[in-house]
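Colleague: My questions all concern the structure below.
None of the figures in this text is laboratory data; all of them are computed from the coordinates on show. Everything numeric here is computed off the predicted structure, so don't read it as measured data. Neighbour counts are summed over all protein chains in view; Cβ atoms, including those assigned to glycine, are modelled from backbone coordinates with ideal geometry.
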Amino acid sequence: MKRLLSFTFLFFFSLYSMYAVQQEDITIKELESTVKDKANELAIDDKASLIQNKAIAKRKRHVRSARQIQGIFGHAIKRASHRELIDKRKRIAGNY
């Protein structure tokens, strides 16, 4: 009787251990697939952020600083005032 109980215990324990290993194998496969999915999502996010950063950098290259804009307008104002000065001199001299 004792042998029969030990045999049934070992039999059911081995069945349970096989079931547990099978369940563990499934969970490992699920984990691997979720890790792969997450890695793909991160790669896509990294690529999107890289493209976005490139676009931002491209926009920043075309944006001029306030000092540059002031310099451009200042130069245009100087040229216009110089033209006006030349026009006045020509009018005074009668060459216009």
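Colleague: Tell me the net charge near residue 90. Cut-off is 14 Å between Cβ atoms, residue 90 excluded, with +1 for each Lys or Arg and -1 for each Asp or Glu.
Modeller: Numbers: positive: 83, 88, 89, 91; negative: 84, 87.
Result for the neighbourhood of residue 90: +2.
Colleague: In addition: Using a cut-off of 29 Å between alpha-carbon atoms, which lysines can reach residue 54, once sequence neighbours fewer than 8 places away in the same chain are excluded?
Modeller: Correct list for residue 54: 36, 38.
Colleague: Using each residue's phi in the range 35-52, evaluate 6.51 cos²θ - 1.76 cosθ + 1.60 at θ = phi - 60° and report the 3J(HN,Hα) Karplus result to the nearest Hz, with x for Gly and Pro.
Modeller: Along the range 35-52, the couplings run 5, 5, 4, 5, 4, 5, 4, 5, 5, 5, 4, 5, 5, 5, 5, 5, 5, 5 Hz.
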